[in-house]
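Below is one structure; the comments refer to it alone.
The values are calculated or read from the model by the stated rules, or taken from the named source; none is laboratory data. No experiment lies behind these values; they were computed from the predicted model shown. As a convention, Cβ positions derive from the backbone with ideal geometry for all residues, glycine included, and neighbour counts pool all protein chains shown.
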Amino acid sequence: MSVPAHTSSTPSSSTPAHRSWAQTLRVYAEPASLRMLALGFSAGLPLLLVLGTLSFWLRKAGVDRATIGYMSWVGLAYAFKWMWAPLVDRLPLPLLNRLLGRRRSWLLFAQCLVVGGLLGMALTDPQQDLARMAWCALAVAFGSATQDIALDAYRIESANAERQAALAATYQTGYRIAMIWAGAGVLWLVALALHGGDAAYERSAWRLAYCVMAASMLVGMLTVLLSPEPKSQAQAPARNLLEWLEEALIAPFADFVRRYGGQAMVILALIGIYRISDVVMGIMANPFYVDMGYTEAEVATVSKVFGVIMTLLGAFIGGVISMRVGVMRVLMLGAVLSASSNLLFAWLSTRGHDVLGLTLVVSADNLAGGIASAAFIAYLSSLTNVQYSATQYALFSSMMMLAPKWLAGFSGAFVDVHGYASFFIGTAALGLPVLLLVTLASRIQPRTT
């Protein structure tokens, strides 16, 4: 079976188009970019609610750090989404497909699943039924991962390769705005319910906050209903189930290996560990804030608002300079900055309750993360063949989460034994192999025949 050659250029071989700054910035006002802003919000909302914000909630409820670390394994749903990505890529949903099209029908279905899971979490007391909380969080993660599959395909099919960096940047902007709401918004709502951020734990405050988060998914749902279905490449209908399985499951992976050959392993290794420093560190960030004595209001303002604004700035910078100087150079810059910024948390752990120190550290860390994320999303997008966009991008983004999320599950147990300072230094060291892999990947060119 022959597969069409990948038509987009790769970051290692492409030369950024010569354009004025006005032309570069105008891309961000195009309809496709604005849609990705709203859909990015829908994609970003669930993540913190089953990971970072949930870990803050659990720690306030008295759950131990080791258990919080293991609970983070619900995030492995994102790492295994490649298993059902072929279904999202090829299988039409009954009724919804006729009304909305393949991409939008899967988006709406996944968003409904996220809403149901969030309501289940809102109605559960982690002090009384932690297992039920875990199952509801898993449902949110599964729905969110499914939404990511469909949304990544929607984004890739909505514009040519030249505009993917801009779409990645606006997607990240919407994503980070949602993270402000899912992080700071929840903590503010809880603080208001506790009359100004009292340290006491009250389940009803968290129930209200998570119900509001479920309602916030309407932003993405309305955007899906009002957006056009992207034009996808025509596919001949399969003659039987075996042929369908071959086209849906085998062909996307065979296409990637065909285009990159033995060098595919270098690319996959880079994808697998590029964000490892941030992901492993992030699970213990909120328990760290609680243990250092920061209140909900302080964490909401510094980490969940000001910090995320810095991430937005970083994403914008990463998207713009990627279009100007190329993705691989920014990918290397992001790798260096992301690993280095974790060392600042080790310094902060020696300061006790220091709001100014927290502000400086969070600013640097989120700026670095925004630059790295924008470049990384553009890099992953450039690797896909539009014929298999959902499946291939799901494979890449799944690999990005697998090793980091698995390792992060042990973070609480590590902190219990070695302390926060050693933990943060260790997460910085995890980023060192990334620098070598970025160097090797920058030399890789795909096969064109």
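From the list Val257, Val302, Val330, Val279, the lone residue that is buried (at least 21 other Cβ atoms within 10 Å of the Cβ) and free of Cβ contacts under 8 Å to residues at least 60 places away in the same chain is Val330. Of all the residues in segment 412-449, those that are within 21 Å of the chain's Cα centre (by Cα), at pLDDT 90 or above and of a type in the set (Gly, Ala, Ser) number 1. Is it the case that Asp64 is touching a helix residue (DSSP H, G or I) at 6+ places or on another chain (Cβ under 8 Å), acidic (Asp, Glu), farther than 24 Å from Ser216 by Cα and crowded, with 22+ Cβ neighbours inside 10 Å? It is false that Asp64 is touching a helix residue (DSSP H, G or I) at 6+ places or on another chain (Cβ under 8 Å), acidic (Asp, Glu), farther than 24 Å from Ser216 by Cα and crowded, with 22+ Cβ neighbours inside 10 Å.
Residues checked against (1) of a type in the set (Ser, Thr, Tyr); (2) surrounded by 23 or more Cβ atoms within 10 Å (Cβ to Cβ); (3) at pLDDT 80 or above; (4) farther than 26 Å from Ile68 by Cβ:
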| site | (1), (2), (3), (4) |
| --- | --- |
| Phe253 | no, no, no, yes |
| Leu270 | no, yes, yes, yes |
| Ile283 | no, yes, yes, no |
| Tyr294 | yes, no, yes, no |
| Glu298 | no, no, yes, no |
| Met310 | no, no, yes, no |
| Ala315 | no, yes, yes, yes |
| Leu337 | no, no, yes, yes |
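Going through (1) free of Cβ contacts under 8 Å to residues at least 12 places away in the same chain; (2) of a type in the set (Gly, Ala, Ser); (3) more than 25 Å from Ala315 (Cβ to Cβ) one by one, Gly357 falls short only on (3).
Restricted to segment 49-105, and to residues there that are in contact with a Phe, Trp or Tyr (Cβ under 8 Å, 6 or more places away or on another chain) and of a type in the set (Lys, Arg), the residue that is modelled with the lowest pLDDT is Arg90. Consider Leu395 carefully, then state whether it is aliphatic (A, V, I, L, M) and either buried (at least 24 other Cβ atoms within 10 Å of the Cβ) or within 20 Å of the chain's Cα centre (by Cα) (or both). Considered against the rule, which asks whether it is aliphatic (A, V, I, L, M) and either buried (at least 24 other Cβ atoms within 10 Å of the Cβ) or within 20 Å of the chain's Cα centre (by Cα) (or both), Leu395 comes out as yes. Here Thr311, Thr301 are screened, and the one residue that is in a helix (DSSP H, G or I), over 19 Å from the mean Cα position of the chain (by Cα) and within 25 Å of Trp188 (Cβ to Cβ) is Thr301. Among the residues of segment 124-140, those identified as exposed (fewer than 14 other Cβ atoms within 10 Å of the Cβ) and not in a helix (DSSP H, G or I) are Gln127, Gln128, Asp129.
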